[in-house]
Amino acid sequence: MAELAPGAFHFPSFLDAAAQRALAEEIAEVIAAAPLYVSTMPKTGAPMSVRMTNCGALGWISDKERGYRYEPRHPKTGQPWPSIPRRLLDIWNELARYPKPPEACLVNVYDETARMGLHQDKDEADFEAPILSLSLGADCRFKLGGTRRGDCAKAFALSSGDALVLSGPARMRYHGVDRILPTINTPLPPTLATLGVRVNLTLRRVT
DNA sequence: TAGTAACA
DNA sequence: TAGT
């Protein structure tokens, strides 16, 4: 475990190969029930390059008309989100050390060209609870900035099986994905490999 | 290529 | 401004 900044913890290879594979299969089931969709930017409607879905009581979505928000139902199917797999709740209990369970698990699927601009997670009502992120598949160049957009950002790789926790003073740090790295050390299982090369799971407390 | 600005 |  490395503390990148006060409250920001990187756990390289937190999940072993078997745990990664088992988690990936569960995420494939989530996607089967709640198909991937593309969120669009508030006001402009510009599409994000990442495709996403959610599990949990609430899911993060965005569209041109109503912007960033959490919703209890899938924007296309109108169905409630699938529940969060127990395996993920166990990881939350181990790493987040927060008394309440996560309400949202955002599933972001990246292809080779997908990126995620520097942003803060600030659509939640609860900024006390940590953000827990898990990576599967291709490595990415991840950037962790400060709490102001202009603060200098440190770049490092996130690999399959890595966990990242943003808690306490690091909870509101800007972060994003510069690019997907070309060499894939740990490919996603076939069911997910048809959809992209990297999957990121972000567990959050919302209310 | 990191950082900024302008834009819609 | 989780976009270009």
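Per residue and in cubic angstrom, what volume does the convex hull of the Cα atoms of the stretch A:104-207 have? Provide the component values of the computation, followed by the final result.
Numbers: hull volume 9.6 nm³, N = 104.
Given the Cα convex hull of the stretch A:104-207, per-residue volume reads 93 Å³.
Considering only A:Tyr98, A:Leu201, A:Gly45, and ranking their Cα positions along the charge dipole of chain A that arises from unit charges at the beta-carbon of Lys, Arg, Asp and Glu, the one farthest toward the positive end is A:Gly45.
What is the diffusion coefficient of the stretch A:2-204 in µm²/s, taking the Kirkwood radius over Cα pairs and the Stokes-Einstein relation at 25 °C with a viscosity of 0.890 mPa s?
Details: Rh = 16.9 Å.
In µm²/s, the coefficient is 145.
I'd like to know which of A:Thr113, A:His10, A:His74 lies farthest towards the positive end of the charge dipole of the stretch A:1-159, counting +1 on Cβ of Lys and Arg and -1 on Cβ of Asp and Glu. The listed residue farthest towards the positive side: A:Thr113. When only the Cβ of Lys, Arg, Asp and Glu is charged (+1, +1, -1, -1), the dipole of chain A relative to its Cα centre reaches about 560 debye. Taking every DSSP helix (H) stretch of at least 4 residues in chain A, weighting each as -39,500 (n - 2.57) and dividing the sum by the residue count yields a mean residue ellipticity at 222 nm of -4500 deg cm²/dmol. Using a 1.4 Å probe over the heavy atoms of the protein chains, calculate the carbon and sulfur portion of the accessible area of the stretch A:6-120 as a whole percent. Ligands and nucleic acids excluded, carbon and sulfur give 52 percent.
Which net charge results when you count Lys and Arg as +1 and Asp and Glu as -1 among the other residues whose beta-carbon is under 9 Å from that of A:Trp81? Mind dumping the intermediate values first?
On the way: positive: A:Arg73; negative: A:Glu71.
Local charge sum for A:Trp81: 0.
Can you give the net charge of the other residues whose Cβ lies under 10 Å from the Cβ of A:Ala96, counting K and R as +1 and D and E as -1? Taking every other residue near A:Ala96 into account, the sum is +3.
Kindly rank A:131-140, A:107-116, A:157-166 from highest to lowest mean number of other beta carbons found within 10 Å of each residue.
On the way: A:131-140: 24.6, A:107-116: 18.3, A:157-166: 21.2.
For the peptides A:131-140, A:107-116, A:157-166, the packing ranking is A:131-140, A:157-166, A:107-116.
When the residues A:Arg198, A:Arg86, A:Arg149 are ordered by accessible surface, computed with a 1.4 Å probe over the protein chains alone, the sequence from largest down reads A:Arg86, A:Arg149, A:Arg198. Placing +1 on each Lys and Arg Cβ and -1 on each Asp and Glu Cβ, with no other charges, gives the stretch A:34-77 a dipole about its Cα centre of roughly 40 debye. Positive contributions from Lys and Arg (+1) and negative ones from Asp and Glu (-1), summed over other residues with Cβ under 12 Å from the Cβ of A:Arg141, come out at +3.
Per residue, the accessible area of the stretch A:2-204 comes to 46 Å², computed with a 1.4 Å probe over protein heavy atoms only.
The values are calculated or read from the model by the stated rules, or taken from the named source; none is laboratory data. On a predicted model such as this, the values are computed, not experimentally measured, just so you know. Every residue, glycine as well, gets a Cβ built from its backbone with ideal geometry; the counts of neighbours run over all protein chains shown. Note: areas computed on protein heavy atoms with side chains; ligands, DNA, RNA excluded. Shrake-Rupley method; radii C 1.70, N 1.55, O 1.52, S 1.80 Å.
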